[in-house]
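Novice: Here you go, one structure.
The values are calculated or read from the model by the stated rules, or taken from the named source; none is laboratory data. Fair warning: this is a prediction, and the values are worked out from it, not measured in the lab. Glycine also receives a Cβ, built like all others from the backbone with ideal geometry; neighbour counts cover every protein chain displayed. Ligands, DNA and RNA are stripped out before the accessible areas are found, and what is left, the full protein with its side chains, is counted by its heavy atoms. Shrake-Rupley method; radii C 1.70, N 1.55, O 1.52, S 1.80 Å.
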Amino acid sequence: QSIENGETFKGQYTINNTQRNVGVITGSYITKQHGSKGLPKETIIAETMGHAGQSLGAFAPKGLLIHHTGDANDYVGKGLSGGTVVVKAPKHARENEIIAGNVCFYGASSGKAYINGSAGERFCIRNSGVQAVVEGIGDHGLEYMTGGRIIILGDVGKNFGQGMSGGVSYVFPSDVAQFKAQNQLESLDFDAITVDEERNVVKDMLEAHVKYTDSTKAKEILADFNHIADKVVKVIPKDYKLMMQKIDIQL
(Lines give C-alpha, C1' and ligand atoms only; values in the text may rest on other atoms or scores of the structure.)
Protein backbone atom coordinates (compact mmCIF):
# COMPACT_ATOMS: atom_id res chain seq x y z
CA GLN A 1 0.00 0.00 0.00
CA SER A 2 2.90 2.40 0.74
CA ILE A 3 4.25 1.78 -2.74
CA GLU A 4 0.88 2.29 -4.38
CA ASN A 5 0.28 5.56 -2.51
CA GLY A 6 3.88 6.77 -2.64
CA GLU A 7 4.07 6.90 1.15
CA THR A 8 7.25 6.55 3.20
CA PHE A 9 7.90 3.07 4.56
CA LYS A 10 10.80 1.65 6.60
CA GLY A 11 11.22 -1.99 7.52
CA GLN A 12 14.00 -3.92 9.29
CA TYR A 13 14.86 -7.51 8.42
CA THR A 14 17.48 -10.11 9.31
CA ILE A 15 18.56 -12.05 6.22
CA ASN A 16 20.92 -14.89 5.38
CA ASN A 17 22.85 -15.98 2.32
CA THR A 18 20.21 -18.43 1.12
CA GLN A 19 17.92 -15.46 0.48
CA ARG A 20 18.88 -14.18 -2.93
CA ASN A 21 17.57 -11.14 -4.84
CA VAL A 22 16.52 -9.28 -1.69
CA GLY A 23 14.70 -6.12 -2.79
CA VAL A 24 14.08 -7.24 -6.38
CA ILE A 25 10.36 -7.98 -6.04
CA THR A 26 9.85 -4.71 -4.12
CA GLY A 27 11.68 -2.78 -6.83
CA SER A 28 9.67 -4.53 -9.52
CA TYR A 29 6.42 -3.50 -7.83
CA ILE A 30 7.59 0.13 -7.60
CA THR A 31 8.24 0.11 -11.33
CA LYS A 32 4.94 -1.62 -12.05
CA GLN A 33 3.04 1.04 -10.10
CA HIS A 34 5.02 4.16 -11.04
CA GLY A 35 6.93 3.38 -14.22
CA SER A 36 10.43 4.56 -14.97
CA LYS A 37 10.06 7.72 -12.85
CA GLY A 38 9.86 5.56 -9.71
CA LEU A 39 9.31 7.27 -6.36
CA PRO A 40 11.01 10.20 -4.58
CA LYS A 41 14.39 9.43 -3.05
CA GLU A 42 14.29 6.93 -0.16
CA THR A 43 10.53 6.57 -0.05
CA ILE A 44 10.83 2.82 0.58
CA ILE A 45 13.67 1.86 2.95
CA ALA A 46 14.68 -1.71 3.75
CA GLU A 47 17.24 -1.99 6.53
CA THR A 48 18.71 -5.48 6.46
CA MET A 49 21.23 -7.21 8.71
CA GLY A 50 23.25 -10.41 8.46
CA HIS A 51 24.81 -12.24 5.53
CA ALA A 52 23.17 -11.23 2.27
CA GLY A 53 22.85 -13.73 -0.56
CA GLN A 54 23.49 -13.04 -4.23
CA SER A 55 22.06 -10.01 -6.01
CA LEU A 56 21.21 -7.84 -3.01
CA GLY A 57 19.36 -4.79 -4.32
CA ALA A 58 19.58 -5.86 -7.96
CA PHE A 59 17.74 -3.58 -10.41
CA ALA A 60 16.62 -1.29 -7.56
CA PRO A 61 14.65 1.65 -9.04
CA LYS A 62 14.30 5.25 -7.92
CA GLY A 63 12.80 5.61 -4.48
CA LEU A 64 14.16 2.34 -3.04
CA LEU A 65 17.00 2.24 -0.49
CA ILE A 66 18.50 -1.08 0.56
CA HIS A 67 20.71 -0.45 3.60
CA HIS A 68 22.49 -3.64 4.62
CA THR A 69 24.67 -4.01 7.72
CA GLY A 70 26.85 -7.07 7.34
CA ASP A 71 28.50 -8.73 4.35
CA ALA A 72 27.06 -9.55 0.97
CA ASN A 73 27.60 -12.15 -1.73
CA ASP A 74 28.15 -11.60 -5.47
CA TYR A 75 26.17 -9.29 -7.76
CA VAL A 76 25.26 -6.57 -5.24
CA GLY A 77 23.30 -3.90 -7.12
CA LYS A 78 23.36 -5.74 -10.45
CA GLY A 79 21.55 -3.58 -12.99
CA LEU A 80 20.94 -0.83 -10.41
CA SER A 81 18.38 1.52 -11.98
CA GLY A 82 18.11 4.64 -9.83
CA GLY A 83 17.92 3.28 -6.31
CA THR A 84 20.49 3.35 -3.52
CA VAL A 85 22.35 0.30 -2.17
CA VAL A 86 24.50 0.40 0.98
CA VAL A 87 26.66 -2.34 2.47
CA LYS A 88 27.90 -1.23 5.89
CA ALA A 89 30.53 -3.16 7.82
CA PRO A 90 29.04 -4.57 11.05
CA LYS A 91 32.05 -3.28 12.99
CA HIS A 92 34.97 -1.01 12.09
CA ALA A 93 37.48 -3.88 12.05
CA ARG A 94 35.62 -5.35 9.05
CA GLU A 95 36.19 -2.19 6.98
CA ASN A 96 39.65 -3.51 6.07
CA GLU A 97 38.26 -6.78 4.74
CA ILE A 98 36.21 -7.88 1.73
CA ILE A 99 32.63 -7.00 2.57
CA ALA A 100 30.95 -7.58 -0.83
CA GLY A 101 31.51 -10.27 -3.44
CA ASN A 102 32.30 -10.29 -7.15
CA VAL A 103 30.62 -8.49 -10.06
CA CYS A 104 28.90 -5.82 -7.95
CA PHE A 105 26.88 -3.28 -9.98
CA TYR A 106 27.32 -5.20 -13.22
CA GLY A 107 25.44 -3.37 -15.96
CA ALA A 108 24.12 -0.72 -13.57
CA SER A 109 22.68 2.36 -15.26
CA SER A 110 21.85 4.88 -12.51
CA GLY A 111 21.64 5.26 -8.75
CA LYS A 112 24.09 5.42 -5.86
CA ALA A 113 26.07 2.89 -3.87
CA TYR A 114 28.21 2.93 -0.75
CA ILE A 115 30.36 -0.11 0.12
CA ASN A 116 32.05 0.12 3.53
CA GLY A 117 34.92 -2.29 2.85
CA SER A 118 36.47 -3.94 -0.19
CA ALA A 119 34.55 -5.59 -3.02
CA GLY A 120 35.69 -8.55 -5.08
CA GLU A 121 36.53 -8.87 -8.76
CA ARG A 122 34.89 -7.13 -11.72
CA PHE A 123 33.47 -4.24 -9.70
CA CYS A 124 31.20 -1.94 -11.76
CA ILE A 125 31.91 -3.59 -15.10
CA ARG A 126 29.64 -2.21 -17.81
CA ASN A 127 28.45 0.49 -15.41
CA SER A 128 26.88 3.29 -17.41
CA GLY A 129 25.79 5.79 -14.78
CA VAL A 130 26.03 4.77 -11.14
CA GLN A 131 27.89 6.84 -8.56
CA ALA A 132 29.61 4.55 -6.08
CA VAL A 133 32.08 4.66 -3.21
CA VAL A 134 34.01 1.50 -2.30
CA GLU A 135 37.07 0.95 -0.09
CA GLY A 136 39.12 -1.32 -2.35
CA ILE A 137 38.44 -3.71 -5.25
CA GLY A 138 39.79 -6.92 -6.77
CA ASP A 139 40.93 -7.72 -10.31
CA HIS A 140 39.30 -6.43 -13.51
CA GLY A 141 37.64 -3.43 -11.85
CA LEU A 142 35.69 -1.01 -14.06
CA GLU A 143 36.02 -3.21 -17.17
CA TYR A 144 34.03 -1.78 -20.09
CA MET A 145 32.60 1.01 -17.93
CA THR A 146 30.87 3.67 -20.05
CA GLY A 147 29.65 6.22 -17.50
CA GLY A 148 29.25 7.17 -13.85
CA ARG A 149 31.64 8.19 -11.08
CA ILE A 150 33.44 5.72 -8.85
CA ILE A 151 35.52 6.56 -5.76
CA ILE A 152 37.89 3.85 -4.56
CA LEU A 153 39.30 4.43 -1.06
CA GLY A 154 42.10 1.91 -1.37
CA ASP A 155 43.96 -0.34 -3.77
CA VAL A 156 42.81 -2.10 -6.92
CA GLY A 157 43.62 -5.50 -8.41
CA LYS A 158 45.07 -6.44 -11.78
CA ASN A 159 43.67 -5.34 -15.15
CA PHE A 160 42.07 -2.17 -13.77
CA GLY A 161 40.08 -0.06 -16.25
CA GLN A 162 40.55 -2.37 -19.23
CA GLY A 163 38.09 -1.41 -21.95
CA MET A 164 36.80 1.54 -19.92
CA SER A 165 35.42 4.05 -22.43
CA GLY A 166 33.49 6.52 -20.25
CA GLY A 167 32.92 7.77 -16.76
CA VAL A 168 35.48 8.84 -14.18
CA SER A 169 37.12 7.14 -11.22
CA TYR A 170 38.93 8.70 -8.27
CA VAL A 171 41.38 6.28 -6.65
CA PHE A 172 43.00 6.80 -3.24
CA PRO A 173 45.72 4.10 -3.36
CA SER A 174 48.12 3.27 -0.54
CA ASP A 175 50.99 4.26 -2.88
CA VAL A 176 50.15 6.76 -5.64
CA ALA A 177 53.35 6.23 -7.66
CA GLN A 178 53.00 2.46 -7.54
CA PHE A 179 49.35 2.65 -8.60
CA LYS A 180 50.26 4.73 -11.65
CA ALA A 181 53.15 2.44 -12.62
CA GLN A 182 51.12 -0.75 -12.33
CA ASN A 183 47.87 0.39 -13.94
CA GLN A 184 48.75 2.79 -16.76
CA LEU A 185 46.99 1.93 -20.03
CA GLU A 186 47.26 3.59 -23.43
CA SER A 187 43.54 4.32 -23.27
CA LEU A 188 43.54 6.07 -19.87
CA ASP A 189 44.75 9.38 -18.47
CA PHE A 190 45.83 9.69 -14.85
CA ASP A 191 45.12 13.27 -13.80
CA ALA A 192 45.03 15.41 -10.68
CA ILE A 193 41.93 17.15 -9.34
CA THR A 194 42.41 20.84 -10.01
CA VAL A 195 38.89 22.25 -10.36
CA ASP A 196 36.92 23.31 -7.28
CA GLU A 197 33.67 22.01 -8.75
CA GLU A 198 35.18 18.55 -9.07
CA ARG A 199 36.63 18.68 -5.56
CA ASN A 200 33.14 19.48 -4.30
CA VAL A 201 31.65 16.49 -6.15
CA VAL A 202 34.19 14.17 -4.53
CA LYS A 203 33.61 15.77 -1.13
CA ASP A 204 29.84 15.36 -1.43
CA MET A 205 30.22 11.67 -2.30
CA LEU A 206 32.57 11.09 0.64
CA GLU A 207 30.22 12.89 3.02
CA ALA A 208 27.35 10.72 1.82
CA HIS A 209 29.52 7.64 2.36
CA VAL A 210 30.10 8.71 5.97
CA LYS A 211 26.39 9.42 6.43
CA TYR A 212 25.39 5.93 5.33
CA THR A 213 28.32 3.86 6.66
CA ASP A 214 30.35 5.90 9.21
CA SER A 215 33.42 5.00 7.12
CA THR A 216 36.74 5.47 8.92
CA LYS A 217 38.66 5.98 5.64
CA ALA A 218 36.24 8.58 4.32
CA LYS A 219 36.33 10.51 7.60
CA GLU A 220 40.15 10.57 7.54
CA ILE A 221 40.19 11.95 4.00
CA LEU A 222 37.56 14.58 4.80
CA ALA A 223 39.51 15.66 7.91
CA ASP A 224 42.49 16.52 5.68
CA PHE A 225 40.57 17.45 2.54
CA ASN A 226 42.82 20.43 1.73
CA HIS A 227 45.51 17.91 0.71
CA ILE A 228 43.24 15.71 -1.38
CA ALA A 229 45.19 16.42 -4.58
CA ASP A 230 48.22 14.61 -3.15
CA LYS A 231 46.23 11.47 -2.32
CA VAL A 232 43.94 10.87 -5.28
CA VAL A 233 44.42 9.81 -8.91
CA LYS A 234 41.69 10.78 -11.33
CA VAL A 235 41.29 8.03 -13.94
CA ILE A 236 39.51 9.00 -17.14
CA PRO A 237 39.50 7.46 -20.64
CA LYS A 238 41.42 9.66 -23.07
CA ASP A 239 38.78 9.63 -25.80
CA TYR A 240 36.00 10.36 -23.30
CA LYS A 241 38.01 13.24 -21.86
CA LEU A 242 38.54 14.69 -25.35
CA MET A 243 34.84 14.37 -26.14
CA MET A 244 33.89 16.15 -22.91
CA GLN A 245 36.32 18.96 -23.68
CA LYS A 246 34.89 19.37 -27.17
CA ILE A 247 31.37 19.79 -25.85
CA ASP A 248 32.68 22.11 -23.14
CA ILE A 249 31.82 20.01 -20.09
CA GLN A 250 34.35 20.21 -17.29
CA LEU A 251 34.88 16.88 -15.55
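Novice: Identify all residues within the range 144-192 that are crowded, with 16+ Cβ neighbours inside 10 Å, in a loop (DSSP other than H, G, I, E, B) and of a type in the set (Ser, Thr, Tyr); write none if there are none.
Specialist: Residue satisfying the conditions is Tyr144 alone.
Novice: Just checking, how many residues over the range 121-143 are in contact (Cβ under 8 Å) with a residue 24 or more places away in the chain, assigned to a loop (DSSP other than H, G, I, E, B) and either open to solvent by 10 Å² or more (accessible area, probe 1.4 Å) or of a type in the set (Asp, Glu) (or both)?
Specialist: Within the range 121-143, residues that are in contact (Cβ under 8 Å) with a residue 24 or more places away in the chain, assigned to a loop (DSSP other than H, G, I, E, B) and either open to solvent by 10 Å² or more (accessible area, probe 1.4 Å) or of a type in the set (Asp, Glu) (or both) number 3.
Here is a yes/no grid of residues against (1) farther than 18 Å from Val133 by Cβ; (2) of a type in the set (Ser, Thr, Tyr); (3) within 13 Å of the chain's Cα centre (by Cα):
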{"site": "Lys62", "(1), (2), (3)": "yes, no, no"}
{"site": "Asp74", "(1), (2), (3)": "yes, no, no"}
{"site": "Gly79", "(1), (2), (3)": "yes, no, yes"}
{"site": "Gly83", "(1), (2), (3)": "no, no, yes"}
{"site": "Glu97", "(1), (2), (3)": "no, no, no"}
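Novice: Filter the range 204-229 for residues that are more than 16 Å from Gly148 (Cα to Cα), in a helix (DSSP H, G or I), without any contact (Cβ under 8 Å) to a residue 40 or more places away in the chain and out of contact with any Leu (no Cβ under 6 Å at 6 or more places or on another chain) and give the result.
Specialist: Correct list: Glu207, Val210, Lys211, Lys219, Glu220, Ala223, Phe225, Asn226, His227, Ile228, Ala229.
Novice: Which residue pairs have Cβ atoms closer than 6 Å, lie 6 or more positions apart in sequence or on different chains, and pair a first residue in the range 166-178 that is within 24 Å of Tyr240 (Cα to Cα) and touching a residue at least 24 places away in the same chain (Cβ under 8 Å) with a second residue that is open to solvent by 40 Å² or more (accessible area, probe 1.4 Å) and of a type in the set (Val, Ile, Thr)?
Specialist: Once the first residue is within 24 Å of Tyr240 (Cα to Cα) and touching a residue at least 24 places away in the same chain (Cβ under 8 Å) and sits in the range 166-178, its partners that are open to solvent by 40 Å² or more (accessible area, probe 1.4 Å) and of a type in the set (Val, Ile, Thr) give Gly166/Thr146.
Novice: Could you grab the pairs with beta carbons closer than 7 Å, sequence gap of 6+ or different chains, first residue in the range 1-25 and open to solvent by 100 Å² or more (accessible area, probe 1.4 Å), second one modelled with pLDDT of 95 or more and in a loop (DSSP other than H, G, I, E, B)?
Specialist: Close Cβ pairs (under 7 Å, with a partner that is modelled with pLDDT of 95 or more and in a loop (DSSP other than H, G, I, E, B)) amount to Thr8/Thr43; Thr18/Gly53; Arg20/Gly53; Arg20/Gln54; Arg20/Ser55.
Novice: Which one of these is within 19 Å of Gln131 (Cβ to Cβ), among the basic types (Lys, Arg), modelled with pLDDT of 95 or more and out of contact with any Phe, Trp or Tyr (no Cβ under 8 Å at 6 or more places or on another chain): Lys112, Lys88?
Specialist: On inspection, the qualifying residue turns out to be Lys112.
Novice: Related question: Which residues, counting only those in the range 80-106, are among the small types (Gly, Ala, Ser), open to solvent by less than 10 Å² (accessible area, probe 1.4 Å) and part of a loop (DSSP other than H, G, I, E, B)?
Specialist: Within the range 80-106, just Ala89 meets the criteria.
Novice: Select from the range 75-103 the residues that are under 27 Å from Thr26 (Cβ atoms) and of a type in the set (A, V, I, L, M, F, W, C) and list them in ascending order.
Specialist: Correct list: Val76, Leu80, Val85, Val86, Val87, Ala89, Ile98, Ile99, Ala100, Val103.
Novice: Could you tell me how many of the residues in the range 39-76 are part of a loop (DSSP other than H, G, I, E, B), on the phi > 0 side of the Ramachandran plot and open to solvent by less than 10 Å² (accessible area, probe 1.4 Å)?
Specialist: 3
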